[in-house]
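The values are calculated or read from the model by the stated rules, or taken from the named source; none is laboratory data. All values derive from a computational prediction rather than experimental measurement. Methodologically, a virtual Cβ is constructed for each residue, glycine included, from the backbone with ideal geometry; neighbour enumeration extends over all protein chains shown. Surface areas here come from the heavy atoms of the whole protein model, side chains and all, with no ligands, DNA or RNA. Shrake-Rupley method; radii C 1.70, N 1.55, O 1.52, S 1.80 Å.
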Amino acid sequence: MASHAATAHAPASAHAADHHHEENFFTKYLFSQDHKMIGKQFLITGTFMAFVGMMLSIFFRLQLGWPGEKFAILNFFLGDKWAPEGVLDPNMYLALVTIHGTIMVFFLLTAGLSGTFANLLIPLQIGARDMASGFMNMLSYWLFFLSSAIMIGSLFVETGPAAAGWTIYPPLSALEEAMPGSGIGMTLWLVSMTLFVASSLIGGLNYIVTIINLRTKGMTMTRLPLTVWALFVTAILGVLSFPVLFAGVLLLVFDRSFGTSFYLSDINIGGMALEQTGGSPLLYQHLFWFLGHPEVYIILLPALGITSEVIAVNSRKPIFGYRAMVASILAIGFLSFIVWGHHMFVTGMNPFVGAVFTFTTLLIAIPSAVKAFNFISTLFKGNIQFTPAMMFCVGMVSTFISGGLTGIILADNALDINIHDTYFVVAHFHIVMGLSAVLAMFGGVYHWFPKMFGRMMNKKLGYIHFWLTFASGYGVFFPMHFTGLAGMPRRYYQYTDFPMLAEFTDLAQLISAFAILGAIAQFLFAFNFFYSIFRGQKAEQNPWKSNTLEWTTPVEHIHGNWPGPLPTVHRWAYDYSKPGKDVDFVPQTVPLEEGETDEGH
Amino acid sequence: MMLTLLILFVGVLGVLAVVQLIRVFELARKIRGHRDDQVTNRENRFQSRMMMVFLFGYFAFFAWCFWVTKDKLLPESASEHGVGLDWLLNFNFLIITIAFVLTHIALFYFAYRYSGHRGHKAVYMSHDNRLELVWTIIPAAFMAVIIIYGLNAWNDITADAPEDAHQIELYSFQFAWRARYPGQDGILGDANYNLVSSTNDMGVMTPKFLDEKIVELEGDIALETAKLKPEGYPEIDPSSTMGKQYTKEINRLERHKKRIQKLQQLEYQDAGDDIMIADTFHIPVNKPVHFVFRSRDVIHSAYMPHFRAQMNTVPGTPTEFHFKPIVTTEEMREKTGDEEFNYYLYCNKICGSSHYNMKMIIIVEDEASYAEWLAEQTTYNGEPAGELATGFHHLKSTPENEEDKQEATEDEVAQMN
Ligand code: HEM
Ligand SMILES: [Cu+2]
Ligand SMILES: [Cu+2]
């Protein structure tokens, strides 16, 4: 693998010689070390996980919309134990919510999103032949695969999968007596997440090293496309925060299996006084959210990066305020490490500490706002091409704003007292993180599909997919602001036991209906995706008339990406519609004309 | 069998039909020269119009959500600090709603206005430092305002409870709540998780409960020991698997007993005069209430949305929250026009299968009715709490000791000078 990295800079002839070895099915499709193939593996595995996560959410939305009703489909999938006669069991409800959250946050929007686009785009956009270490890259995927398999496997154990919420707070997650899901299901969850952390660290280190070391000639940091900047900072956040989650998880494993008491104190459960005592459950929350908050930006930053790229290309304009965009990515990255306490305002934390966390959290709103303004002004006076990718990315700007603004309410610790853990929070994070990242990921898939598969996705189906997804996304999550403000707690199996909440049945049904509509739309996407892989229109080399380097590679994938020598970069990535040019784009490989400036990049 | 065949047949036919349809569809696209890598002027125009339609649809949906939920949201705050919080919430909502509307209009209007067409060229604009500075400073200024107001409210709410606050303990366990009032001595007695039993939900410490626990544990130990010597069978070898299991349990029980004996040696605040309440608890209006929270097993959260109050209950770490209720249950029934209205205590931290149904009713009433209600309760010692109606006398700030206090502080001030 060291030799591989070395060849990345070697002349093409030497490189070609390096690749005379035969490729068989296993080395090409399964144990591939080619970043493009690994990117596709992440995409397909992530998409599969997303469909599982989506089905789980439909199951629990059925219960929430029609509490206590019998659904044959629930009985069919969950069996007599968890859905007797088709009525969902409360423990299973919590399990579904937990695994849904885990899959969406980690498996789709962390590994699926970063794994796909970091692998595909980093080498291609910086002009490298591959990742710094192809082997580690492959390892990262297979650890992710194993981790996914274990998570899915945990759905089938006798006592049910983990059910303590995706944040698995102890003591609930630590004690088998507390809920059935905290038995073997939780053990599998912990094992799966441990592998996940390993995968994420190996992948992340590789991305960082590649970006720092393997940029081609002329590709200075300030000429990097914003996608690469975003993926770079994302990888750094991951490398710094995932080990802390690992530490938290490890201590939990000790408490569960080896009788330690890091998180346990003064507990009497199942009729017994627990002998493990002297710890603090809040320690876990600190460790978890020290990862957890950076984690939400690990999800969001790549989405913002993809959006920057897609919006610039399709507005046929430079991204507005490139330097400010980079600065906000860095500011968000830094600040995301000092805000975690905003998830713990009502744990009884010291009020002064709570005040500090409110302050730092509200600071994040500033770079976030700058990004939103810059996206909007990129559209201004553009020549906007509404490709499906563009539609998704415009939608993403909307969800990013809608959801980011409610973050300002939540960040206010005094206000959070009454809305913490209500549906208002559910609305906030699904819109700002869930919808935004999902929309951007779709945008990225539509945009780079020709690069991945050499064919185009169907445009019309893309439009229908967009509008159904976008509208039903808001249809599901927007009303939740209001039920949250009415004091509806999250993670309730049914809310009809409180007169105040029972009034919202109609709205809950509407939400469930939107959820089902949104789910159906995703099957449209799946069809389009697989259909287009085989029968889509053949792609041209640069279908979107884009400046970045990935479009200078041949449509047919080859090892090493460029048949000849590596391209040399002469300008930044955003010379769209530059005055004095015949065409409205100037690829990064085109030298500056005499007297032409590239804005100091 | 026939049926299965039939279904299979229909299935195959269906697939064939879809395949044919796709073929036709593909051909038609080819003939029309449809291309997936280019967007026609017509498509651009159509999608950009859809963006505008969406904008109005989104705003309308917002308004509709607002409209259908406006009578179902929380009624006016029933606590003093909550009134300020509601104001603050509305103020913040005003700011973010304005930002929301303006940015969305800009976003979707630009998308509509600048939709592309062939032969047109966009205007090259890479940055504008002045503009970008402006839109960094504007949000920063708003954040500053929000932070200042927010932290003011936070500091007020989280300040120490007033001295004259009634102390009430709320205790959570899977899956119910208990409330505890201090008795005659005005102090909540001590509690310990080792003491929880079927007769002692909250594990409070009284000589009686301590003794009972010892008896209970000794009984359990005897039972386990008996298992080692089953009647009519040979004795179980303590080093066999089963024997080990029994011995382990006996040792655990012995250790538990030791812990109780240790507790007995301690000096503790006797909880015998305290009053434990299940299901419905009362609090007096216009008097600050100082809640202290404990949890038996996992983390729960005491959520009282009508009072804009919430605090997690954490095993091993006592927490607290205080507020002053200002609207009685009766008054709130009138205000909401709902005769059955009640204040509720919810559990708002995922805690297991019945998390969704872990509640208590809270009755807010005038002080006299409150005293009367409390007088009807029974203490842990089994005595009627009758006297307790006045048991709180020393907590109530009667005019006399109010004066005392003032004098005292004046003295102190004088001394300091
Ligand atoms: C303006 C920026 C933002 C602010 C001020 C903000 C603030 C907050 C606060 C204070 C909470 C805690 C609420 C509570 O539990 O009571 C929260 C929850 C959350 N936020 Fe944000 N947020 C912002 C942006 C984001 C972004 C960009 C993401 C993701 C990409 C995100 C994802 C989440 C998630 C996942 C949770 C809930 C976690 C859980 O309890 O399960 N937030 N946010
Ligand atoms: Cu956070
Ligand atoms: Cu609970």
Can you list residue pairs whose Cβ atoms sit under 6 Å apart, with the first residue in region B:331-358 being facing chain A (nearest Cβ under 8 Å) and the second being within 16 Å of ligand 1 (Cβ to nearest atom) and in a loop (DSSP other than H, G, I, E, B)? Count only pairs 6 or more apart in sequence or on different chains. B:Asn348/A:Asp421; B:Lys349/B:Ile299; B:Ile350/A:Gly165; B:Ile350/A:Arg491; B:Tyr356/A:Tyr492
Report yes if B:Val215 is open to solvent by 40 Å² or more (accessible area, probe 1.4 Å), more than 30 Å from B:Val83 (Cβ to Cβ) and aliphatic (A, V, I, L, M), otherwise no. yes
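If I filter region A:591-598 for residues that are modelled with pLDDT of 90 or more, among the hydroxyl-bearing types (Ser, Thr, Tyr), in a loop (DSSP other than H, G, I, E, B) and over 30 Å from A:Pro479 (Cβ atoms), do I get at least one hit?
Here is the first cut: in region A:591-598, the ones modelled with pLDDT of 90 or more are A:591.
Within this subset, residues satisfying the condition of being among the hydroxyl-bearing types (Ser, Thr, Tyr) are none.
No, because not a single residue in region A:591-598 is modelled with pLDDT of 90 or more, among the hydroxyl-bearing types (Ser, Thr, Tyr), in a loop (DSSP other than H, G, I, E, B) and over 30 Å from A:Pro479 (Cβ atoms).
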What tally of residues in region A:84-122 results from selecting those that are more than 23 Å from A:Gly434 (Cβ to Cβ) and surrounded by fewer than 24 Cβ atoms within 10 Å (Cβ to Cβ)? 7
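Just give me the residues in region A:337-350 being under 16 Å from A:His420 (Cα atoms) and away from ligand 1 (no atom under 11 Å from the Cβ), in sequence order.
So in region A:337-350, the residues under 16 Å from A:His420 (Cα atoms) come out as A:339-349.
Within region A:337-350, A:Gly348, A:Met349 meet the criteria.
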Take region A:406-458 and flag every residue that is on the phi > 0 side of the Ramachandran plot and away from ligand 3 (no atom under 16 Å from the Cβ). A:Gly454
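I want to confirm something. Restricting to region B:1-39 and keeping residues that are of a type in the set (S, T, N, Q) and loosely packed, with under 14 Cβ neighbours inside 10 Å, which single residue is nearest to A:Phe534 (Cα to Cα)?
Our first condition is that a residue be of a type in the set (S, T, N, Q); within region B:1-39, this holds for B:4, B:20, B:38.
Remaining after also requiring loosely packed, with under 14 Cβ neighbours inside 10 Å: B:4, B:20.
On the way: B:Thr4: 32, B:Gln20: 16 Å.
Only one residue tops the list, namely B:Gln20.
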How many residues does region B:330-346 hold that are under 11 Å from the mean Cα position of the chain (by Cα) and away from ligand 1 (no atom under 16 Å from the Cβ)? 1
Taking the condition of being part of a helix (DSSP H, G or I) and within 13 Å of ligand 1 (Cβ to nearest atom), how many residues in region A:315-336 meet it? 6
Determine the pairs where a residue that is within 11 Å of chain B (Cβ to nearest Cβ), located within region A:334-351, has a partner that is open to solvent by 30 Å² or more (accessible area, probe 1.4 Å) and β-branched (Val, Ile, Thr) with Cβ atoms under 8 Å apart, the partner being 6 or more residues away or on another chain. A:Gly348/B:Thr317; A:Pro351/B:Thr158
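Considering each of A:Met391, A:Met396 in turn, give the residue that is more than 7 Å from chain B (Cβ to nearest Cβ) and either within 16 Å of ligand 3 (Cβ to nearest atom) or open to solvent by less than 10 Å² (accessible area, probe 1.4 Å) (or both). Outline the logic, then answer.
Numbers: A:Met391 fails: more than 7 Å from chain B (Cβ to nearest Cβ).
After ruling out the rest, the residue left standing is A:Met396.
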Kindly indicate whether A:Asn418 is open to solvent by 10 Å² or more (accessible area, probe 1.4 Å) and either near ligand 1 (Cβ under 8 Å from one of its atoms) or within 11 Å of chain B (Cβ to nearest Cβ) (or both). yes
Restricted to region A:469-492 and to residues being more than 8 Å from chain B (Cβ to nearest Cβ) and part of a helix (DSSP H, G or I), the residue farthest from the chain's Cα centre (by Cα) is A:Gly484
Scanning region A:261-301 for residues that are among the hydroxyl-bearing types (Ser, Thr, Tyr) and surrounded by fewer than 21 Cβ atoms within 10 Å (Cβ to Cβ), the one nearest to ligand 1 (Cβ to nearest atom) turns out to be A:Ser280
Residue check, A:Ala521 against (1) within 13 Å of chain B (Cβ to nearest Cβ); (2) part of a helix (DSSP H, G or I); (3) open to solvent by less than 30 Å² (accessible area, probe 1.4 Å); (4) of a type outside the set (Lys, Arg), all met but one. Which one? (1)
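Would it be correct to say that A:Ile409 is modelled with pLDDT under 95 and in contact with a helix residue (DSSP H, G or I) (Cβ under 9 Å, 6 or more places away or on another chain)? Walk me through how you get there before you give the answer.
Details: modelled with pLDDT under 95: no; in contact with a helix residue (DSSP H, G or I) (Cβ under 9 Å, 6 or more places away or on another chain): yes.
No; evaluated as a whole, the condition is false for this residue.
Across region A:565-601, which residue is farthest from A:Arg223 (Cα to Cα) among those that are basic (Lys, Arg) and crowded, with 18+ Cβ neighbours inside 10 Å?
Here is the first cut: in region A:565-601, the residues basic (Lys, Arg) are A:571, A:578, A:581.
Imposing the further condition that a residue be crowded, with 18+ Cβ neighbours inside 10 Å reduces the set to A:571, A:578.
Values: A:Arg571: 7, A:Lys578: 16 Å.
Here the residue is A:Lys578.
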Output the qualifying pairs, or none if there are none: Cβ atoms under 7 angstrom, residues six or more apart or on different chains, first residue in region B:65-89 and free of Cβ contacts under 8 Å to residues at least 60 places away in the same chain, second residue charged (D, E, K, R). B:Lys72/A:Glu503
Within region B:49-82, take every residue that is open to solvent by 90 Å² or more (accessible area, probe 1.4 Å) and touching a helix residue (DSSP H, G or I) at 6+ places or on another chain (Cβ under 8 Å) and give me the one that is nearest to the other protein chains (Cβ to nearest Cβ). B:Phe66
Residue count, region B:108-135, condition without any contact (Cβ under 8 Å) to a residue 40 or more places away in the chain, buried (at least 18 other Cβ atoms within 10 Å of the Cβ) and in a helix (DSSP H, G or I), comes to 3
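Considering only residues that are surrounded by fewer than 22 Cβ atoms within 10 Å (Cβ to Cβ) and away from chain A (no Cβ under 14 Å), which ones fall in region B:178-188?
Residues of region B:178-188 surrounded by fewer than 22 Cβ atoms within 10 Å (Cβ to Cβ): B:178, B:184-188.
Those that are surrounded by fewer than 22 Cβ atoms within 10 Å (Cβ to Cβ) and away from chain A (no Cβ under 14 Å): B:Gln184, B:Asp185, B:Gly186, B:Ile187, B:Leu188.
So, of the residues in region A:142-175 that are assigned to a helix (DSSP H, G or I) and in contact with a Gly (Cβ under 7 Å, 6 or more places away or on another chain), which turns out to be surrounded by the most Cβ atoms within 10 Å (Cβ to Cβ)?
Ranking the candidates gives A:Phe144 first.
Residues are listed down the side, and each one gets a yes or a no for (1) hydrophobic (A, V, I, L, M, F, W, C); (2) open to solvent by 10 Å² or more (accessible area, probe 1.4 Å); (3) away from chain A (no Cβ under 12 Å):
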{"site": "B:Lys258", "(1), (2), (3)": "no, yes, no"}
{"site": "B:Leu263", "(1), (2), (3)": "yes, yes, no"}
{"site": "B:Tyr268", "(1), (2), (3)": "no, yes, yes"}
{"site": "B:His306", "(1), (2), (3)": "no, no, no"}
{"site": "B:Pro315", "(1), (2), (3)": "no, no, no"}
{"site": "B:Pro318", "(1), (2), (3)": "no, yes, no"}
In region B:112-142, the residues that are small (Gly, Ala, Ser), out of contact with any Ser or Thr (no Cβ under 6 Å at 6 or more places or on another chain) and facing another protein chain (nearest Cβ under 8 Å): B:Gly116, B:Ser126, B:Ala140
Output for region B:54-96, where each listed residue is of a type in the set (Asp, Glu) and closer than 16 Å to A:Asn413 by Cα: B:Asp86
